[in-house]
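Undergrad: The structure is given below, and queries will be raised subsequently.
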Amino acid sequence: MITSDLAMVAYFVIFAIVHSLLADPGLKSWGKSMLGKTFDRWQRLIYNLLAILMVLPFLFILSLLPDRTLYIIPTPYSWLLACAQLLAATALLITLRQTGISYFLGLSQLQNLSGQANGEGRLVTDGFYCYIRNPLFFFAAVFLWLSPLMTWNLLVFNILATVYFYLGARHEERSLKEEFGHVYEDYRGRVPMFLPRLRCSG
């Protein structure tokens with residue numbers, strides 16, 4: 001019988017491989033050569049929709065497969081963790097806005113291929129990006145790990161998600177380096193990857 005944690009790990013491997021392949025610069029170049037502007041117009045939106053669909057099995061594993069509780073943080077400490085999670089979620093939304101929500105979701109590409117008319121599609125280095133190169137992954141990890149309720153399935157999921165955040169960030173940096181060249185190299189040399197610096201000095 002397959003246990004919940006083995007099911008989580010097995011599906012995570014599938015998710016990581018598919019998600020990484022779809023974001024691979026080589027595959028993007030091939031898609032552009034085959035479909036031209038049509039690929040640029042639809043790639044981001046389809047990528048996000050597929051990612052959402054592929055997250056659903058994780059929810060099934062977390063909620064329906066056998067599990068056991070590891071700990072429950074009692075009140076009032078659980079309230080503090082819940083408030084911290086709310087702050088992390090708020091920071092995620094702010095980061096999305098700084099990135100350009102429409103561009104991030106792939107909606108602006110349907111109207112404007114470059115997204116440059118609205119200042120999107122550029123290398124964002126201000127806001128939270130001035131303190132850390134991957135604020136979306138950072139705040140998502142903070143949100144996950146501050147859960148006042150921890151089960152075995154959730155622990156396995158959090159570990160796998162954190163590993164994927166790191167691997168995904170490394171993979172994404174390949175695309176950013178290819179797209180922005182020395183400008184991104186300079187930014188990467190100044191701003192840490194995952195541990196925020198205390199001051200934004202440009």
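Undergrad: Sort out for me the helices (runs of 4 or more DSSP H) sitting completely within segment 4-75 that have 3 or more residues that are touching a residue at least 60 places away in the same chain (Cβ under 8 Å). Spell out the reasoning first.
TA: Values: elements: 4-22, 25-35, 37-64.
Hits in segment 4-75: 4-22, 37-64.
Undergrad: Taking segment 103-127, which residues are part of a helix (DSSP H, G or I) and either modelled with pLDDT of 95 or more or more than 19 Å from Leu198 (Cβ to Cβ) (or both)?
TA: Residues of segment 103-127 part of a helix (DSSP H, G or I): 103-105, 108-110, 116-118, 127.
Tyr103, Phe104, Leu105, Ser108, Gln109, Leu110, Gln116, Ala117, Asn118, listed by residue number.
Undergrad: Please specify each residue of segment 143-175 satisfying the condition of being of a type in the set (Ser, Thr, Tyr) and assigned to a helix (DSSP H, G or I). Step through it out loud before you land on a result.
TA: Going residue by residue through segment 143-175, those that are of a type in the set (Ser, Thr, Tyr) are 147, 151, 162, 164, 166, 175.
Selection gives Thr162, Tyr164, Tyr166, Ser175.
Undergrad: Tell me, please, whether a residue that is surrounded by fewer than 17 Cβ atoms within 10 Å (Cβ to Cβ), charged (D, E, K, R) and out of contact with any helix residue (DSSP H, G or I) (no Cβ under 6 Å at 6 or more places or on another chain) can be found in segment 132-144.
TA: Checked against the condition, which is being surrounded by fewer than 17 Cβ atoms within 10 Å (Cβ to Cβ), charged (D, E, K, R) and out of contact with any helix residue (DSSP H, G or I) (no Cβ under 6 Å at 6 or more places or on another chain), segment 132-144 yields no hits at all.
Undergrad: Hey, can you tell me all the residues within segment 176-202 that are of a type in the set (A, V, I, L, M) and either touching a Gly at 6+ places or on another chain (Cβ under 6 Å) or not in a loop (DSSP other than H, G, I, E, B) (or both)?
TA: Selection gives Leu176, Val183.
The values are calculated or read from the model by the stated rules, or taken from the named source; none is laboratory data. All values reported here derive from a predicted model rather than from experimental measurement. Note: ideal-geometry Cβ built from the backbone for every residue, glycine included; neighbour counts use all protein chains shown.
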